[in-house]
1. Can you give the log10 of the normalised intensity I(q)/I(0) at q = 0.13, 0.24 Å⁻¹, computed with Debye over equal Cα scatterers of the chain?
2. Report the net charge of residues surrounding T29, where surrounding means a beta-carbon distance below 12 angstrom and charges are Lys +1, Arg +1, Asp -1, Glu -1.
3. Would you kindly derive the ³J(HN,Hα) couplings of segment 36-52 from the backbone phi angles with the Karplus curve 6.51 cos²θ - 1.76 cosθ + 1.60 (θ = phi - 60°), listing them in order in whole Hz, with x for Gly and Pro?
4. When the Karplus curve 6.51 cos²θ - 1.76 cosθ + 1.60 is applied with θ = phi - 60°, which whole-Hz ³J(HN,Hα) does each residue of segment 6-21 get, with x for Gly and Pro?
Amino acid sequence: MPAEEILANTKRKIFADIKYEMDKRGYTTTSLAELLNINRPTVSSAIHGGTTPRDVEIRKRIYQIFEMRIN
C-alpha cells in the first residue's frame, strides 16, 4: 500500500474516532475548541489528522479529555 494511501486511511480513522467521541458526548468542534482554549480551525486541523507537532499535541489533549486509548 503506498504511503499516501496509508496516511489518508490513518487520517480518516483519527477523524472517525474523535468524531464518534464528540458526538457521544455532545461536543462540537467549537465547544471542544472553547474547552481547549484554542481556536476552532486549529482543533479542526488536529481532528482531521493534521501532522504538525501542534496537531499531535492537541490530539493528545483530546484523547485525554475523552479518555481514549491511543492505538
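Every number in this text was worked out from the coordinates using simple rules, so none of it is lab data. From a predicted model like this one, the values you see are computed outputs, not experimental measurements. No Cβ is skipped: glycine too gets one built from the backbone with ideal geometry, and neighbour counts run over all protein chains shown.
1. -0.34, -1.10
2. On the way: positive: K19, R40; negative: D23, E34.
Local net charge: 0.
3. The phi angles translate into 7, 6, 9, 7, 4, x, 5, 5, 4, 4, 5, 5, 7, x, x, 10, 6 Hz.
4. Whole-Hz 3J(HN,Hα) from phi for segment 6-21: 4, 4, 4, 5, 5, 4, 4, 5, 4, 4, 4, 5, 5, 4, 4, 5.
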